[in-house]
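Worksheet: one structure, shown below.
The values are calculated or read from the model by the stated rules, or taken from the named source; none is laboratory data. On a predicted model such as this, the values are computed, not experimentally measured, just so you know. Every residue, glycine among them, receives a Cβ derived from its backbone with ideal geometry; neighbour counts consider all protein chains shown. The accessibility values were calculated without ligands, DNA or RNA, using every heavy atom of the protein model including side chains. Shrake-Rupley method; radii C 1.70, N 1.55, O 1.52, S 1.80 Å.
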Amino acid sequence: MVRGTRKVPFYPGSFREFMPRKTLCLGRGKKCLTVRCSLNFYTCSQEKLAQKPGIWKTGLQGSTSGVSAADLAREKEVVAKAFNIIKENYQPKGCVVSWAGVYGFNPATGKEWAANLFGFGAYFLRYLCDTQKPGQHYVDVATPTSLYINFNEFEWVKAASLTDDHHYGFLTFRQLPDYKNGYYFFKKDVDYNTKIKKYIWLFTYVNKLPYRHFTKKEFLLNRTAFFNERIKEINYNDSISGLQKYTAEERQYYADSYHQQRGFYNEPLRKVREMLNSMNDAELSEPAIIKSRGDGFPLPDFVQDGVEYADILMVPDLDYYNKSLPLSAPQMFSIVLIISHGDPVFEHIYASISKIIEENINRFRAILADQTQVSNPTKTE
């Protein structure tokens with residue numbers, strides 16, 4: 001014990017047991033002394049971690065199944081161009097950026113493909129203080145804050161037609177992107193009443209979009225087919241129930257139930273037919289913008305653009321694409337930045353990445369396929 005100091009009793013499990021230790025050696029061959037240090041010396045500061053230089057880290061690469069060698073090589077070149085614009089201008093701070101290229105996709109999600117889907121994703125993992133190990137920190141294992149560049153894809157719009165068994169037969173948007181100087185942009189809530197926002201930059205050929213409005217006539221015909229299919233199913237179930245050995249009371253119960261179910265769809269079917277007969281061609285060709293009535297009636301009302309909680313109906317437009325280009329050609333793409341606002345590290349990411357995108361619009365636009373110079377007019381299958 002050093003003279004002039006008071007020895008503090010040690011109890012197993014006491015506060016002193018968990019104080020950080022530091023070993024001091026006076027020189028080669030000399031005795032070393034292990035001492036307990038003040039916790040203040042090792043205190044982890046989240047504010048300081050937010051300023052800690054971060055790194056780019058290659059993450060787990062996705063599957064390349066179903067992509068030809070030639071297409072894969074071209075797609076990797078395209079991804080590298082987009083990735084380098086971000087990487088050369090953004091130095092991570094307070095986080096590790098785990099990124100990976102994405103090339104394989106499921107062709108069953110569409111039909112009549114005009115181009116492949118590919119791109120890259122980056123996830124911003126913060127440095128966090130470890131509450132279980134004083135003075136130490138670790139890299140977060142999950143994050144909502146992320147960046148994607150999706151080639152030949154925008155939200156649910158892909159470079160393909162909707163499948164025959166698509167749930168609706170059309171796509172719904174609460175809002176559409178606004179045209180800026182050479183690109184389209186919009187932001188949306190990921191979930192209501194949260195701090196997580198999604199920012200999307202869409203790059204397309206000049207004066208063209210990869211989707212079009214679903215007309216009122218198309219929607220009414222779509223609902224006609226839907227209601228008829230539901231009635232067909234009800235009639236089938238009714239016929240099957242007639243073969244069961246039910247009591248008279250049970251038989252009456254099922255008969256009333258199926259009659260009620262048919263009425264549920266017969267009424268909106270009647271209304272659809274009425275609208276098809278009463279609306280002129282100009283009205284039927286208008287964009288379908290719908291809103292639920294809120295009373296359970298299975299046919300929504302047509303409303304004007306701008307009505308709160310209304311859905312704008314869209315479908316992919318394959319006429320947008322140059323069919324002579326290879327499947328690996330980037331004919332349109334979207335940059336998607338998802339930010340969980342409120343954290344200083346994430347706010348720095350938002351400010352930095354959005355600024356990089358805005359300042360490099362022309363470089364991103366230059367990535368779009370040059371339709372005037374088609375080096376390989378035959379698609380790679």
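Straight-line cross-link reach from residue 217 at under 19 Å between alpha-carbon atoms covers these aspartates and glutamates, not counting any fewer than eight positions away in the same chain: 164, 229, 267, 274, 281, 283, 286, 301, 305, 311, 317. Suppose R0 equals 41 Å. What FRET efficiency, 1/(1 + (r/R0)^6) with r the Cβ-Cβ distance, do residue 137 and residue 361 give to the nearest 0.05? According to the calculation, E is roughly 0.65. Excluding residues fewer than 8 places away in the same chain, name every one of the lysines whose C-alpha is closer than 22 Å to that of residue 52. By straight Cα distance, residue 52 reaches 87, 93, 133, 355.
For the chain, the longest principal axis of the Cα atoms and the long axis of helix 216-241 meet at an angle of about 80 degrees. Carbon-plus-sulfur fraction of the accessible area of the chain, 1.4 Å probe, in percent? Roughly 52 percent of what the probe reaches on the chain is carbon or sulfur. Using alpha-carbon pairs under 8 Å, 6+ residues apart, how would you state the relative contact order of the range 158-305 in percent? RCO, the range 158-305: 19 percent.
Of (1) 1.28; (2) 1.22; (3) 1.45, which one was derived for Cα Rg over 2.2 N^0.38 Å from the structure shown? This structure yields the entry labelled (3). Placing a label point 7 Å from the Cα of residue 191 along the Cα-to-Cβ line, the residues of the range 299-341 whose backbone N sits under 19 Å from it are 337-341. Each label point was placed 7 Å from the Cα along the Cα-to-Cβ direction; for residue 252 and residue 279 their separation is 4.3 nm. How about residue 216: which lysines have a C-alpha closer than 27 Å to its C-alpha, ignoring those fewer than 8 places off in the same chain? Once the sequence-local lysines are set aside, what remains near residue 216 is 111, 158, 187, 188, 208, 232, 271, 291. Note on residue 352 and residue 239: with the Förster distance fixed at 45 Å, the Cβ-Cβ geometry gives a FRET efficiency of about 0.10. Spin-label model, residue 45/residue 164: points 7 Å from Cα along the beta carbon direction are separated by 6.6 nm. Based on C-alpha pairs under 8 angstrom that are at least 6 apart in sequence, the range 263-381 has a relative contact order of 23 percent. Per-peptide packing, taken as the mean over residues of other Cβ atoms within 10 Å, places 60-69, 331-340, 156-165 in the sequence 331-340, 156-165, 60-69 from highest down.
Each part gets one Cα centre, and for the range 156-182 versus the range 95-150 those centres are 23 Å apart.
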